[in-house]
Every structure is written in C-alpha cells, then in structure tokens.
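A short write-up of the structure that comes next.
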Amino acid sequence: MNLVSIPYHDWRKISKEGARTRDAHFLHHLANHERVSKLLVVNRPTTYLEILVKGNSLKIEGQVIYKRGGFKLYKVSENMFVIDYITFDILGQALNKKKWFFDIFGDQQLSAFYKECLNLLQMKQPIIFNKNIFAYKFIENNSYSKSVFDAWDNFLQFPDNKTIEEELKTAYSSLSKHASKWITNSKKNIDYFTKLLNIPAPVLIKNGVDFETFRKKYEVPEDMKTITRPIIGFGGKISHLFDWEMYNYCLEKHPDKSFVIVGQVLDKQVFNDISKSDNFHYLSDKHYSKYPAYVCNFDVGIIPYVNNHLDSGADSIKAYEYLAARLPSVGSRGAGMADLSEFMLIADDKESFSLLIDKAVNAKAEINLSPDHSWKSKTDSFIELASRL
C-alpha cells in the first residue's frame, strides 16, 4: 500500500520536538508498517519568515532528490519522503494569518509538484491520510485519489478559531464530500460531525501509547531530584483546556505535595493565572525522547481539564501515557477521560478532583491497559480501514 500523509504539524516541529502528537505517532508507525510500501508526507507550507521566527532549520534532515522553485522532495528514510514548500508570501501570511493556510494548501503549483513526485516515486493509486483541516483544498484538487480524513478534536470549539469559523465550516463541509472516509478520536466528535454535516458516522480510532516507552525504568531527571515528594505531575500543553481554577484549588488544598508541570505553554494567559505558590514547579517543555522519564517519575498523574464544551471532543494522549506507566491518575470528565474510568479516577468538579488526589497517592491497584491501546494497534486499524476503500 502506498500512502500520502498530510500531518497537522510542521515536519520541522515534529523533528525538533519528537513524535508526541497524534499525527506524529501515526507517521512514525506508518513509516515502519509492514503493509506500507512508500509513505509520502506533504508538509504544511511555510514561509522563510515563519521558519526564522520559530527558530527552525531551513533544511530538513534527509536527501533532496528533486526540487523546483520553492518546492523540494526529501528522502528521509528508505521508504519515507517529504514534500516541503517554502514560499516568499510573507506579507500574505502576515495579513491573513490562519486563513493563509487554507489558500496555500489549494495552490495549484503544490498539486502540480505533488503529482510530479508521485510519478518520480512511482507511487500508483496512493491513499491520502489527511490530518489537517486546513488542507481541504488540496484534497479537492486531488479528489481522484481515495482519502481518509482524521477529524481529531473539533476546531470549531477552539476559542482562538472564532475568526475563521466560517472557513472551518466550509472546510468540514468540503471534506464531507471529498474524503472517502472519516475517522476521529472521540464519541463526542462523532455525534457533533454527523449532526452538523449529515454524513455517515466517522470510525472511532482513539489515541494510543507506545507501551515499551512508558514501561521502562528511568533515572529521576536532574531538575526533579530536589522536588519534595509526593509529586503530582501534569505532562502536556497549557492551553484553553487547562482548568487553572481547579488546579489552583488543588495547589491550595495540598501544600504538602509538589505540583509539577512539564510541557509547552500555548496559552500564556492560562499559565499566568496559575498560582505560583511554593509547591508549584514548572520544568519547561521537554523533547519527547526525554519526556517519559518525567512521567515515569511522577507519583500521581493528573489532567485537570475543563468540563464544558471547550474540551472540543479531545482524547488526551497523556492519559494513555500515564496509564501505560502504571501511574495512579486523576482526570476531569472532559476530554474523553470518562471512557477510561476503569483505569483512572474521574472528577466532576474541583472539590472531587482534590479529594481524588489523596486517593491516588495511596492507590496500590495494578493498572493494565490492553494492547488494543497501543499506537501499533491504532495504526493497524487505520491500515485495515484504508485497505477496504
């Protein structure tokens, strides 16, 4: 099977931070899957200014085997290739911001170069695995190919997407017509999209975990060695999903415990609202190769997410990582964690969340997720679905 993958995140970001997102995990496992002959990644188009601002490298690690204008085709492994498109449209990106990505993915030059690459690589009848809502015009331009759209999360529920709400609705509507099949990571998304678009229900393929990575024994990281235990850890992004009021309540109620956060700050206001009390420790973001050592040395893993519509139909990857590490865990009911109530403690409000932290600290039960929760199993499910198109 030949596959074309359109990840949501920039390939440079994936290479720089490690394969920690849903799209990156799928890419890693697809590239090593026995049923995939060749995998071509269509990278998110960018500009020289964006690369400079984000501190990324112009070049992608690998061998350039074909180029034309601002387009390059890289060979990054034996069967994996990346199309990279850097444009000079700095003004357009600056003025149009997120809307720019809808249009640049529809660039006819991109589709033309893509077709040239397919011919060069002798990739006949590839199936497109699209994980990027902004790439809907690319799917329209190449609608002769069968495709699967991964409607992970619900971008219409993200507060910072209000300015592109109409464009997102257009994109979802287009993909309801041009994608051969949809998958998603939560039941909430299935309900939402079937009602909004009147399409056949997407196939549920939830997030997963690489068990072997989170079952290892790791030395305590240097910046955790002096932190008083028990350590109540959160490993993930600080975004609009993070319930800072719940978190602050727990900080206050548990002065005898250390609360540690490891991860990116996407929403600075939410981070600023977190109480910087003596028992709070922010250890910055970590490369995904180093991240498991932190999780595996937490005493309790927590996911204090909002319990409202803002959870956007999410399915928290960190929940599976905590549980793979057999870490006693507490999560709010949002972000699909109620589906994991067999394995973790679920809270409905800040008071119950705080009480459950004590229960988790004293938990002795063995946590055993089934192999069905592995990324390998999730990838197998996608491959089986794609083979039936």
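The values are calculated or read from the model by the stated rules, or taken from the named source; none is laboratory data. Model, not experiment: these values are computed from the prediction. All Cβ positions, glycine included, derive from the backbone under ideal geometry; neighbour counts span all protein chains shown. Areas reflect the complete protein model, heavy atoms only, side chains present, ligands, DNA and RNA absent. Shrake-Rupley method; radii C 1.70, N 1.55, O 1.52, S 1.80 Å.
Looking only at segment 275-298, count how many residues are basic (Lys, Arg), under 17 Å from Val220 (Cβ atoms) and surrounded by fewer than 16 Cβ atoms within 10 Å (Cβ to Cβ). Let's see the steps before the verdict.
Keep residues of segment 275-298 that are basic (Lys, Arg), which gives 276, 286, 290.
Subset that is under 17 Å from Val220 (Cβ atoms): 286, 290.
Filter once more, keeping what is surrounded by fewer than 16 Cβ atoms within 10 Å (Cβ to Cβ): 290.
Total satisfying the criteria: 1.
So is Leu385 hydrophobic (A, V, I, L, M, F, W, C), touching a Ser or Thr at 6+ places or on another chain (Cβ under 6 Å) and surrounded by fewer than 18 Cβ atoms within 10 Å (Cβ to Cβ) or not? No: the conditions fail for Leu385. Taking residues in segment 1-25 that are outside any helix (DSSP H, G or I), and partners anywhere that are open to solvent by 10 Å² or more (accessible area, probe 1.4 Å) and polar (S, T, N, Q), the pairs with Cβ atoms closer than 6 Å and at least 6 places apart or on different chains are Asn2/Ser37; His9/Thr21; Gly18/Ser289.
Residue count for segment 14-43 satisfying the condition of being more than 17 Å from Phe382 (Cβ to Cβ) and out of contact with any Ser or Thr (no Cβ under 9 Å at 6 or more places or on another chain): 3. Restricted to segment 187-207, and to residues there that are farther than 28 Å from Cys250 by Cβ, in contact (Cβ under 8 Å) with a residue 60 or more places away in the chain and touching a helix residue (DSSP H, G or I) at 6+ places or on another chain (Cβ under 7 Å), the residue that is least open to solvent (accessible area, probe 1.4 Å) is Ile205.
Of all residues in segment 55-85, those satisfying the criterion of being over 22 Å from Met1 (Cα atoms) and among the acidic types (Asp, Glu) are Glu61, Asp84.
Checking the conditions here, which among Phe242, Phe211 is open to solvent by 10 Å² or more (accessible area, probe 1.4 Å), among the hydrophobic types (A, V, I, L, M, F, W, C) and either more than 23 Å from the chain's Cα centre (by Cα) or closer than 24 Å to Thr184 by Cα (or both)? Show your work before the answer.
On the way: Phe242 fails: open to solvent by 10 Å² or more (accessible area, probe 1.4 Å).
Step by step, each of Phe242, Phe211 is checked, and only Phe211 is open to solvent by 10 Å² or more (accessible area, probe 1.4 Å), among the hydrophobic types (A, V, I, L, M, F, W, C) and either more than 23 Å from the chain's Cα centre (by Cα) or closer than 24 Å to Thr184 by Cα (or both).
Rundown of residues vs (1) touching a Leu at 6+ places or on another chain (Cβ under 8 Å); (2) buried (at least 18 other Cβ atoms within 10 Å of the Cβ), yes/no style:
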{"residue": "Leu3", "(1), (2)": "yes, yes"}
{"residue": "Leu27", "(1), (2)": "yes, yes"}
{"residue": "Ser37", "(1), (2)": "no, no"}
{"residue": "Leu52", "(1), (2)": "no, no"}
{"residue": "Val64", "(1), (2)": "yes, no"}
{"residue": "Phe71", "(1), (2)": "yes, yes"}
{"residue": "Tyr74", "(1), (2)": "no, yes"}
{"residue": "Thr87", "(1), (2)": "no, yes"}
{"residue": "Ile90", "(1), (2)": "yes, no"}
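Could you list, in sequence order, the residues of segment 344-373 that are closer than 30 Å to Asn32 by Cα and either open to solvent by 20 Å² or more (accessible area, probe 1.4 Å) or among the acidic types (Asp, Glu) (or both)? Give the steps one after another, and end with the answer.
Of all residues in segment 344-373, those closer than 30 Å to Asn32 by Cα come to 367-373.
Residues satisfying the conditions are Asn368, Ser370, Pro371, Asp372, His373.
Being in contact (Cβ under 8 Å) with a residue 60 or more places away in the chain, of a type in the set (Gly, Ala, Ser) and closer than 25 Å to Ala201 by Cα holds for only one residue in Ala338, Ala324, Ala386, and it is Ala386. Only residues that are assigned to a strand (DSSP E or B) and among the hydrophobic types (A, V, I, L, M, F, W, C) were counted across segment 26-58, and they come to 4.
Filtering segment 190-206 down to residues that are farther than 22 Å from Phe105 by Cβ and not hydrophobic (A, V, I, L, M, F, W, C), which residue is nearest to the chain's Cα centre (by Cα)? Working first, answer last.
Residues of segment 190-206 that are farther than 22 Å from Phe105 by Cβ, as a first pass: 190-192, 194-195, 198, 200-201, 203-206.
Subsequent filtering for residues that are not hydrophobic (A, V, I, L, M, F, W, C) retains 191-192, 194-195, 198, 200, 206.
Working: Asp191: 21, Tyr192: 20, Thr194: 22, Lys195: 24, Asn198: 26, Pro200: 24, Lys206: 12 Å.
Among them, the one singled out is Lys206.
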